[in-house]
Amino acid sequence: MPPPGASDDEPIAPLEPAAAARPIAITDLVSFTPLVGELVVEPEGWGVVGTPTNFYATAETHTMEGELFGAPIEVRWTPSSYRFDYGDGTVEETSAAGAPWRGTEEAWTETTTSHTYATTDDVTASVTVIFTAEVSAGGGWFSVPGSLPVEAPPVGVKVFEVDTVLTDGDCLANPAAAGCG
């Protein structure tokens, strides 16, 4: 029996097999480079020998729109881990992005992503954020196998050595006071 709208005289075109759909790979998403944010060093890009210096990454989960294989899609990037390179030969990978110190009571305290330098140096620290991806073409989200490491811009860190000095009062107000010389 011919399909609806066809006559017995017309040849029926063979049905084309559905195009083989291959799974999306992380390498297919190169045009959707995730936003990596920045590496923050507390206090303000410097540290003190023997005292924790705080580091944290600002990368966040975000969604990008675009086209893949000629179809509109959304890509959701999620930071899954962070590789902190503290610039002195120490590299640590963690699932924690870290966080800023909250107020003066937390300053100079150890955090999950802090680092204590052993020597005075000018170093360059960096963080590589490892992202996982999910895609949606309007029918729901599905995971893309693999991960994509993206390095944030490196940050210079100046590491000082500090000696404490006892003084008799405020050295700025009275530079001749004991210990201010």
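The values are calculated or read from the model by the stated rules, or taken from the named source; none is laboratory data. Computed from a prediction, not measured in an experiment: that's the story for all the values here. Every residue, glycine among them, receives a Cβ derived from its backbone with ideal geometry; neighbour counts consider all protein chains shown.
Restricting region 46-69 to residues that are surrounded by fewer than 14 Cβ atoms within 10 Å (Cβ to Cβ) and among the small types (Gly, Ala, Ser) leaves a set whose member that is farthest from Val150 (Cα to Cα) is Gly50.
Scanning region 1-40 for residues that are of a type in the set (Val, Ile, Thr), in a loop (DSSP other than H, G, I, E, B) and either at pLDDT 50 or above or in contact with a strand residue (DSSP E or B) (Cβ under 7 Å, 6 or more places away or on another chain) (or both) yields a count of 3.
This table checks each residue for (1) aromatic (Phe, Trp, Tyr); (2) free of Cβ contacts under 8 Å to residues at least 60 places away in the same chain.
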residue	(1), (2)
Thr109	no, yes
Thr124	no, yes
Val127	no, no
Thr132	no, yes
Phe142	yes, yes
Val150	no, no
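Anything in region 94-109 that is loosely packed, with under 12 Cβ neighbours inside 10 Å and either within 16 Å of Glu44 (Cβ to Cβ) or not polar (S, T, N, Q) (or both)? List them, or say none. The answer is Arg102, Gly103, Thr104, Glu105.
If you filter region 104-140 down to residues that are over 17 Å from Glu60 (Cβ atoms) and either in contact with a Pro (Cβ under 6 Å, 6 or more places away or on another chain) or among the basic types (Lys, Arg) (or both), you find that the one that is modelled with the lowest pLDDT is Glu110. In region 41-74, of all residues being among the hydrophobic types (A, V, I, L, M, F, W, C), assigned to a strand (DSSP E or B) and touching a residue at least 40 places away in the same chain (Cβ under 8 Å), the one that is farthest from Val123 (Cα to Cα) corresponds to Ala71. Of the strands (runs of 3 or more DSSP E) entirely within region 100-162, those holding at least 2 residues that are over 21 Å from the mean Cα position of the chain (by Cα) occupy 121-136, 155-160. Evaluate the following for Val91: is it surrounded by 14 or more Cβ atoms within 10 Å (Cβ to Cβ), more than 13 Å from the chain's Cα centre (by Cα) and at pLDDT 95 or above? Criteria not met by Val91.
All of Trp77, Trp101 fail the test of being touching a residue at least 24 places away in the same chain (Cβ under 8 Å), of a type in the set (Phe, Trp, Tyr) and farther than 23 Å from Phe160 by Cα, apart from Trp77.
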